[in-house]
Structures are given as structure tokens and as C-alpha cells.
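Here is the structure we will look at.
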Amino acid sequence: MAVQINPSILSADFARLADEAKAVEGADWLHVDVMDNHFVPNLTLGTPVVESLARATDIPLDCHLMIEDPDRWAPQYVEAGAQSITFHVEAAAAPIRLAREIRAKGARAAMALKPATPIEAYEEILPELDMLLIMTVEPGFGGQSFLDVMLPKVRRTRELIDKHGLQLWLQVDGGVSASTIERCAEAGADVFVAGSAVYGAEDPAQAVRALRAQAEAATAQASWACGH
């Protein structure tokens, strides 16, 4: 599938979110980090902001729920206007049921894994998902350094996706930048969340284009992409 670049508004100016959404024209999705100060030690935004943002931009919203009890709260984010919902498997009581409920409401269902959570235990769940997110930093704060030790996990996940012949997007989030995106693409990722690398640039839209070009070039040379 095609490379996708998802700017994270966690690195944007929260007082100007509508303008910040317009600043990344050409992005595939807007990545919206929802944190509850329980599952992760940070507090960000909730459904009212998602509703406002959905009205302010044509870019679809990819809500990453770093919250406790996503089984209860995730459907409300679909109703608020998100077109993709990512829940953490570490917080979900019934991940298969939750993924099916998200899909039934018309959104894409995605599951996230923290760095220490192995992918192998969730191989059987993969067909229930539209996207899998491998965190390449500990969730909770933007601007962290990329964890290279996650690249083998990305490779193993890509192998499992290919083993089952799934049309499953593989997203990475955390420390994705011009210096790391090629390694992520080579390992098997095709959806890239970038926060400070986009919103810290003088021209965020150009940063999106540059990251896309890097990822596309690396993907074209990657062994996993041959035959896709």
C-alpha cells in the first residue's frame, strides 16, 4: 500500500488547532493523541475538541486513545468524528469485541502496543484490525527520542501481516523524523506519525512532503515490499 504521513497535533499549537490542521495540507490523516493522565502521565484533550477539529478540517482524524477503559470510551470518539480509532491492547478488556464495535460504527479499528508488549501474543487478533500501531517511544509525551530497539518488532509484525495475507496498515509513532523514517519504512512500516518533525518545521506542509519522499524511496528498496 502507499506510504501515509500522519502529523501529530500533540506537537501543534493547541490554541490554533484549526490553523495548524490547514498547515499540513497534503497529509493523509491528522493524528490526535488522547491522554487521560491515568494510562499515561499526561492529560490532553477529549471528544469536544475532536468534534471541533473534525468540523475545521477535511483531513480525516486518527484518534490514538492512550486511556483507561477504551472499551467504554472509544465509540464516543467515532461519534465525535474520528474516522480511525486506535486503542491500547494493554488497556482493553475485550480487544476483539472493541475492534468490531469500532468497525460497526463506521471507523477503522486499530490497536496499539507499548514498547514492552510483544506482538506474537496477538497474532490471532490481526484479522480483526485495520491498522496496528507499534509505539517507538513510551506513550505519554511528544518529542521523545526514537527507540531503535523497536525496529525488530516492526519487522516481526510485517512478517505476521504477510504470513496471513492481510491488508493491515502498520503504523509507527514516536521519534519519527528525517533521520529515522527510512529505517522504519525498511523494517515494514507504511504509516508514519510525525509530531515535532512536522510542526517544528518552518513549513509543515513541506516537511510532510519531504518525509513522504524519504519513506517512499526506502519502501521501494525494502525487501518486504517486493511483490506488494
Going through A104, A110, A94 one at a time, which residue ends up being among the aliphatic types (A, V, I, L, M) and buried (at least 19 other Cβ atoms within 10 Å of the Cβ)? A110
Yes or no: L126 in contact with a helix residue (DSSP H, G or I) (Cβ under 7 Å, 6 or more places away or on another chain) and not in a helix (DSSP H, G or I)? no
Please go through (1) in contact with a strand residue (DSSP E or B) (Cβ under 8 Å, 6 or more places away or on another chain); (2) closer than 23 Å to S8 by Cα; (3) not acidic (D, E) for G106 and return the number of the only condition it doesn't satisfy. (1)
Residues of the stretch 10-56 that turn out to be surrounded by 15 or more Cβ atoms within 10 Å (Cβ to Cβ), over 26 Å from D203 (Cα atoms) and touching a strand residue (DSSP E or B) at 6+ places or on another chain (Cβ under 6 Å), as a count: 4
Any residue at all in the stretch 134-143 that is polar (S, T, N, Q), surrounded by fewer than 21 Cβ atoms within 10 Å (Cβ to Cβ) and in a loop (DSSP other than H, G, I, E, B)? no
Working only within the stretch 91-111, note down all residues that are touching a residue at least 40 places away in the same chain (Cβ under 8 Å) and part of a loop (DSSP other than H, G, I, E, B). A91
Write out, first by first residue and then by second, each pair whose Cβ atoms fall under 7 Å of each other, whose residues are 6+ apart or on separate chains, and whose first residue, in the stretch 48-69, is part of a helix (DSSP H, G or I) while the second is of a type in the set (S, T, Y). V50/Y77
Looking at this structure, is L166 over 15 Å from the mean Cα position of the chain (by Cα), outside any helix (DSSP H, G or I) and surrounded by fewer than 20 Cβ atoms within 10 Å (Cβ to Cβ)? yes
Considering only the stretch 81-103, I want to know if a residue exists there that is more than 24 Å from L53 (Cβ to Cβ) and within 15 Å of the chain's Cα centre (by Cα). yes
For residues in the stretch 194-203 being more than 18 Å from the chain's Cα centre (by Cα) and either in a helix (DSSP H, G or I) or not aliphatic (A, V, I, L, M) (or both), which is nearest to G174 (Cα to Cα)? G200
Can you name every residue in the stretch 144-163 that is assigned to a helix (DSSP H, G or I) and of a type outside the set (D, E, K, R)? V149, M150, L151, P152, V154, T157, L160, I161
How many residues does the stretch 181-206 contain that are touching a strand residue (DSSP E or B) at 6+ places or on another chain (Cβ under 9 Å) and in contact (Cβ under 8 Å) with a residue 40 or more places away in the chain? 13
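Values in this text are rule-based calculations from the coordinates and carry no lab data. Given the structure is predicted, the values throughout are model-derived calculations rather than measurements. Glycine gets a Cβ as well: all are built from the backbone with ideal geometry, and neighbour counts include every protein chain shown.
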